[in-house]
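Accompanying notes for the structure given below.
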Amino acid sequence: MGTIHAERYASMPDVELVGVCDVNERSASVLGKLTGAGFYTDVQQMFDSEKPDVVSITVPTFLHLPIVKLAADNGVHVICEKPLALSAVEAEEAIQYCEQRGVRLFVGHVVRFFPSYRQLTESATRFGGVRGGVYHAKRAGAHPGQVQPWFKDPNKSGGVILDLMIHDIDYILGAFGEVSEVYAFNHLSEELDYASATFRFRNGTIAQLEAFWGYPGPFHTSFEYAARTESYGGQLGRGKLAGSEVAVGEFGGRLRRDASKRAAERSLL
């Protein structure tokens, strides 16, 4: 847990990492020595010693709520990894708890801010209009439960929908507005967790999402959108954000294709 070190992240020049905390003492020690920050195995001890302004909570999902509340009790603003909690009731509790104690609460839903997704939102708004369009997105990779067993327990991780598909659920809710209908199914076994969900939006857009833990290959994610006059697609592969291309169709028999600017590459954790 901690804030971001200014020397390593120029986009946050006024932020300094003052402390890191992990129940695994070796992990805390390695990260602390790497960043030059104090390292701890007890959250309250870190709060008492470092007096941070904000804490980034990146612990297993079932521990989010108690640590959010502990941070709020100490007057520390919170950046919490998604999902905020395992249920709507717990999420509302976290929100109310922080509000009552005067601390700000942020959730790590970052996909909607990626350059390629922001461009898609702008294109969908311009060309989809009130009739909407069709959107498809997929995220797939090895099962994280192979490394961290708690991921295989839905009562601790929420499963592939709450932990992985939630990236795309957050994006489509921000991009397409209010949902009128949802159909979804989930196939779960010891080795894999697969989910598919279809959303119908009030603006006419249909969004189909897939999420897959246990995929026999490298992690990858892709998306595409089609409307009457535009289609747009992007691909993420091998841990890098690839370039994308916008295709604008004109109903006169001509098709104009314009390459978009290559989005900034980022490593996928």
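The values are calculated or read from the model by the stated rules, or taken from the named source; none is laboratory data. The model shown is predicted, which means the values in this text are computed figures rather than measured ones. Cβ placement follows ideal geometry from the backbone for every residue including glycine, while neighbour counts extend to all protein chains displayed. We work out accessible area using only protein heavy atoms, side chains counted, and drop any ligands, DNA or RNA first. Shrake-Rupley method; radii C 1.70, N 1.55, O 1.52, S 1.80 Å.
Could you list, ordered by first residue, the pairs with Cβ atoms under 7 Å in which the first is in the range 34-50 and under 15 Å from residue 72 (Cα atoms) and polar (S, T, N, Q) and the second is assigned to a helix (DSSP H, G or I) and open to solvent by 20 Å² or more (accessible area, probe 1.4 Å), at least 6 apart or interchain?
So the pair list comes out as 44/70.
Is there any pair with a first residue in the range 152-167 that is closer than 13 Å to residue 194 by Cβ and a second that is open to solvent by less than 30 Å² (accessible area, probe 1.4 Å) and of a type in the set (Phe, Trp, Tyr) whose Cβ atoms are under 7 Å apart and which are 6 or more apart or on different chains, and what are they?
Short answer, once both residue conditions are applied: 160/213; 164/213.
Please specify each residue of the range 66-94 satisfying the condition of being under 13 Å from residue 53 (Cβ atoms) and not β-branched (Val, Ile, Thr).
71, 74, 75, 77
Need pairs with beta-carbon distance below 9 Å; first residue over 9 Å from residue 97 (Cβ atoms) and of a type in the set (Phe, Trp, Tyr) and within the range 57-73, second part of a helix (DSSP H, G or I) and open to solvent by less than 60 Å² (accessible area, probe 1.4 Å); sequence gap 6+ or separate chains.
Taking only residues 6 or more apart or on different chains, the pairs are 62/150; 62/157.
So that you can scan it fast, the table gives a plain yes or no per residue for (1) part of a loop (DSSP other than H, G, I, E, B); (2) more than 24 Å from residue 178 (Cβ to Cβ); (3) without any contact (Cβ under 8 Å) to a residue 60 or more places away in the chain:
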position	(1), (2), (3)
93	no, yes, yes
97	no, yes, yes
112	no, no, no
121	no, no, yes
124	no, no, no
136	no, no, no
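Any idea which residue in the range 185-200 is modelled with the lowest pLDDT, counting only those that are open to solvent by less than 60 Å² (accessible area, probe 1.4 Å) and among the aliphatic types (A, V, I, L, M)?
192
Do the conditions hold for residue 107, that is, is it of a type in the set (A, V, I, L, M) and either surrounded by fewer than 18 Cβ atoms within 10 Å (Cβ to Cβ) or modelled with pLDDT under 95 (or both)?
Spelling it out, it is not the case that residue 107 is of a type in the set (A, V, I, L, M) and either surrounded by fewer than 18 Cβ atoms within 10 Å (Cβ to Cβ) or modelled with pLDDT under 95 (or both).
Filter the range 165-181 down to the residues that are exposed (fewer than 14 other Cβ atoms within 10 Å of the Cβ) and modelled with pLDDT of 95 or more and list them by number.
180, 181
Where residues in the range 110-127 are within 19 Å of residue 203 (Cβ to Cβ) and hydrophobic (A, V, I, L, M, F, W, C), which of them is most open to solvent (accessible area, probe 1.4 Å)?
It comes out as 127.
I need a count of the residues in the range 154-164 that are open to solvent by 50 Å² or more (accessible area, probe 1.4 Å) and either acidic (Asp, Glu) or under 19 Å from the mean Cα position of the chain (by Cα) (or both).
The total comes to 3.
Test residue 142 against the criterion of being in contact with a His (Cβ under 9 Å, 6 or more places away or on another chain), modelled with pLDDT of 95 or more and either open to solvent by less than 80 Å² (accessible area, probe 1.4 Å) or under 12 Å from residue 209 (Cβ atoms) (or both), and give yes or no.
So residue 142 fails the test.
Within the range 175-207, can you find the residues that are in contact (Cβ under 8 Å) with a residue 24 or more places away in the chain and among the β-branched types (Val, Ile, Thr)?
Matches in the range 175-207: 205, 206.
Name the single residue, out of those in the range 26-78 being among the acidic types (Asp, Glu) and under 20 Å from residue 106 (Cα atoms), that is least open to solvent (accessible area, probe 1.4 Å).
Per the stated criteria, the residue is 73.
Give the residue, chosen from 81, 90, 99, that is touching a helix residue (DSSP H, G or I) at 6+ places or on another chain (Cβ under 6 Å) and open to solvent by 40 Å² or more (accessible area, probe 1.4 Å).
Selected residue: 90, the only one of 81, 90, 99 that is touching a helix residue (DSSP H, G or I) at 6+ places or on another chain (Cβ under 6 Å) and open to solvent by 40 Å² or more (accessible area, probe 1.4 Å).
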